[in-house]
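Engineer: Below is the structure I would like to discuss, written out as structure tokens.
The values are calculated or read from the model by the stated rules, or taken from the named source; none is laboratory data. Given the structure is predicted, the values throughout are model-derived calculations rather than measurements. Please note: Cβ atoms are built from the backbone with ideal geometry, for glycine as well, and neighbour counts cover all protein chains shown. Each accessible area value is taken on the protein alone, full model and side chains, heavy atoms only, with ligands, DNA and RNA left out. Shrake-Rupley method; radii C 1.70, N 1.55, O 1.52, S 1.80 Å.
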Amino acid sequence: MSSQLIGMESFREYSSFAADDFVHTDLSKTHVENQLPKVNINVPVLPPTKFPRNEAALAFIPIKDGDKITIWKQFLFTWRTQGIYQALELLSQTDLKKYSASQMTYGLVTLWKTVKVVQHVFMPLSNMSSGIDTITMFSHTKDWSTSPARYLAWHPHCNKLAVATRDDTVLVYTGSASTPVVVRHSSQKNISSMSWRPLCSAQLAVGCASGVALWTVDPASLGTRPSASCLTTLPHPTSINSVAWDPQGKFLASGSAQDSSLYIWNVENREATLLQKIRGGGYTFLTWSPTGDRLLACTPGNVFKIWETRTWSAEIWDVMNGYVQSAAWSPCGTKAIFADSAQPTLYCVSKICSTKAATVVADFTETQSSEATGRLSRLVQDLAWDSRGERLAVTFRSSDYVALFRTRYSPTLSLFPCGILKGEPDEVASTIQFKPDFENGALLTVAWSSGRIQHVPFSFLPQHLET
């Protein structure tokens with residue numbers, strides 16, 4: 001099969017290739033592979049997807065005759081086992097005439113229904129009973145609930161990779177070591193995101209159902225599992241959807257789709273400053289600009305916010321349809337690209353643009369690629385942009401592949417399609433991330449639905465060196 005040379009990079013345009021095909025001749029396979037973590041998640045060992053604990057427990061609770069149980073006993077039992085929200089929902093859905101309910105009960109139900117109406121206006125997802133629902137809905141990982149690898153996180157400075165698995169374990173691989181550090185705790189459930197602290201080799205923030213689990217993973221430790229003393233918990237009232245460190249490692253941002261507050265943590269004091277804006281509801285994805293002066297926050301609503309971090313004022317951008325699914329910053333921090341949940345389109349917003357309007361930079365509507373790959377398409381699942389701003393990887397909701405683009409971000413943003421990454425038969429690309437400090441070009445790490453983790457090196461000269 002012939003190859004096409006684009007810039008200083010050789011690959012097959014609009015065709016599938018493996019990692020071995022993509023390495024340039026001056027970047028030896030041995031040199032690359034000997035320094036990268038070798039990860040393969042043993043899928044048969046992972047437990048199957050489970051129901052929430054309360055739902056499973058109900059299977060062992062004996063069913064009693066409703067006529068012999070008062071509505072208040074049912075209310076208190078539901079409150080104890082499933083929480084106050086489900087208890088009030090029980091009241092609102094019950095035929096109160098059957099139980100000869102008091103005026104107080106009718107008043108409580110009326111009040112609850114009124115609160116729900118108001119709540120739905122400002123927090124559209126607050127009626128979801130489980131954080132699993134919101135994580136599944138907004139996660140950048142395809143089929144998050146069943147994927148063996150739920151999240152990947154490369155350290156910004158060290159050769160260290162964290163992999164969150166379906167059984168709520170984080171595996172930390174350092175260099176080419178075959179044995180990972182196993183990071184696990186009973187409170188660490190439903191992992192949605194992870195972020196390594198910059199300028200620090202050991203601290204990893206893990207977003208989960210109980211809040212943020214802040215681990216200190218000592219690189220000099222001989223043990224393969226840190227103790228509970230290495231864990232600091234930053235509590236959150238609802239399940240976390242996204243965590244992100246600022247580039248200097250001073251502040252940690254966390255957000256939940258079910259909470260309208262954006263949390264900015266001073267982790268040394270375990271104190272959070274809560275930022276609030278009415279529109280949009282909660283927060284589904286957070287990403288700092290490389291310069292640290294802005295924080296892009298995606299919401300479940302048809303808006304996203306760009307916070308200016310010196311004064312913590314927010315610029316609100318409207319989305320025509322749906323919500324922002326994924327976003328990424330350019331290396332200069334003046335441009336951000338994003339894709340929404342309703343249109344097969346990639347947009348760009350610029351800090352230096354005179355008009356407050358996003359520009360279209362790519363349209364993924366039913367693009368025919370080749371007989372081998374079929375159609376490249378449609379709605380975006382995730383975006384990954386390398387730290388040099390020269391390679392962009394895109395996954396789609398209805399495609400098994402990773403689309404690859406060559407990019408230029410200055411003076412204007414341009415995308416050039418350059419390849420398709422295809423896995424083994426029946427494999428689907430679950431989640432992707434570029435290694436931040438890859439010296440020889442760019443390195444894309446892909447977690448496949450089979451549990452295989454693949455490193456794909458891109459070899460090229462930086463744009464300013466090209467002739």
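Engineer: Of all residues in the stretch 245-296, which are within 15 Å of L199 (Cβ to Cβ) and among the hydrophobic types (A, V, I, L, M, F, W, C)?
Structural biologist: Those that are within 15 Å of L199 (Cβ to Cβ) and among the hydrophobic types (A, V, I, L, M, F, W, C): W245, F251, L252, V267, W288.
Engineer: Of all residues in the stretch 168-192, which are closer than 19 Å to S430 by Cα and either open to solvent by 60 Å² or more (accessible area, probe 1.4 Å) or touching a Cys at 6+ places or on another chain (Cβ under 9 Å) (or both)?
Structural biologist: D168, N190, I191, S192
Engineer: Being of a type in the set (G, A, S) and touching a Phe, Trp or Tyr at 6+ places or on another chain (Cβ under 7 Å) is the filter; apply it to the stretch 404-426 and report the residue that is nearest to T445 (Cα to Cα).
Structural biologist: We begin by selecting, within the stretch 404-426, every residue of a type in the set (G, A, S); these are 410, 414, 419, 423.
Cutting the leftovers down to touching a Phe, Trp or Tyr at 6+ places or on another chain (Cβ under 7 Å) gives us 419, 423.
Values: G419: 16, G423: 12 Å.
Among those residues, the one meeting the criterion is G423.
Engineer: Hey, another quick one. Quick one: which of R391, R406, R397 is open to solvent by 30 Å² or more (accessible area, probe 1.4 Å) and under 21 Å from T141 (Cβ atoms)? Give the steps one after another, and end with the answer.
Structural biologist: On the way: R391 fails: open to solvent by 30 Å² or more (accessible area, probe 1.4 Å); R406 fails: under 21 Å from T141 (Cβ atoms).
Exactly one of R391, R406, R397 is open to solvent by 30 Å² or more (accessible area, probe 1.4 Å) and under 21 Å from T141 (Cβ atoms), namely R397.
Engineer: Counting only residues that are free of Cβ contacts under 8 Å to residues at least 40 places away in the same chain and not acidic (D, E), which one in the stretch 204-220 is surrounded by the fewest Cβ atoms within 10 Å (Cβ to Cβ)? Please lay out each step first, then the result.
Structural biologist: First, pick out the residues of the stretch 204-220 that are free of Cβ contacts under 8 Å to residues at least 40 places away in the same chain: 210, 213, 216, 218, 220.
Going one step further and asking which of them are not acidic (D, E), we end up with 210, 213, 216, 220.
Numbers: S210: 21, A213: 25, T216: 15, A220: 6.
If we take residues in the stretch 204-220 being free of Cβ contacts under 8 Å to residues at least 40 places away in the same chain and not acidic (D, E), then A220 is surrounded by the fewest Cβ atoms within 10 Å (Cβ to Cβ).
Engineer: Of all the strands (runs of 3 or more DSSP E) wholly in the stretch 190-271, which have at least 2 residues that are touching a Phe, Trp or Tyr at 6+ places or on another chain (Cβ under 8 Å)? Lay out the reasoning, then the answer.
Structural biologist: Values: elements: 193-196, 203-208, 211-216, 231-235, 242-245, 252-256, 259-266.
Result: 193-196, 203-208, 231-235, 242-245, 252-256, 259-266.
Engineer: Do the conditions hold for P290, that is, is it at negative phi and under 19 Å from the mean Cα position of the chain (by Cα)?
Structural biologist: Values: at negative phi: yes; under 19 Å from the mean Cα position of the chain (by Cα): yes.
Spelling it out, P290 is indeed at negative phi and under 19 Å from the mean Cα position of the chain (by Cα).
Engineer: Report, by residue number, each residue of the stretch 221-255 that is free of Cβ contacts under 8 Å to residues at least 40 places away in the same chain and either crowded, with 21+ Cβ neighbours inside 10 Å or among the acidic types (D, E) (or both).
Structural biologist: Result: L234, H236.
Engineer: Can we say S399 is in contact with a Phe, Trp or Tyr (Cβ under 7 Å, 6 or more places away or on another chain) and polar (S, T, N, Q)? Spell out how you get there, then give the answer.
Structural biologist: Details: in contact with a Phe, Trp or Tyr (Cβ under 7 Å, 6 or more places away or on another chain): no; polar (S, T, N, Q): yes.
No.
Engineer: Whether any residue in the stretch 261-271 is buried (at least 22 other Cβ atoms within 10 Å of the Cβ), at pLDDT below 95 and of a type in the set (G, A, S) is what I want to check.
Structural biologist: Looking for residues that are buried (at least 22 other Cβ atoms within 10 Å of the Cβ), at pLDDT below 95 and of a type in the set (G, A, S), one finds none in the stretch 261-271, hence no.
Engineer: Report yes if S410 is polar (S, T, N, Q) and within 23 Å of the chain's Cα centre (by Cα), otherwise no. Full working, then the answer.
Structural biologist: On the way: polar (S, T, N, Q): yes; within 23 Å of the chain's Cα centre (by Cα): no.
It is false that S410 is polar (S, T, N, Q) and within 23 Å of the chain's Cα centre (by Cα).
Engineer: If you don't mind, another one. If you take just the strands (runs of 3 or more DSSP E) that sit entirely in the stretch 274-361, which of them hold at least 3 residues that are over 21 Å from K142 (Cα atoms) and either open to solvent by 10 Å² or more (accessible area, probe 1.4 Å) or of a type outside the set (D, E, K, R) (or both)? Spell out how you get there, then give the answer.
Structural biologist: Numbers: elements: 285-288, 294-298, 303-308, 313-318, 324-329, 335-340, 345-350.
Here the list reads 294-298, 303-308, 313-318, 345-350.
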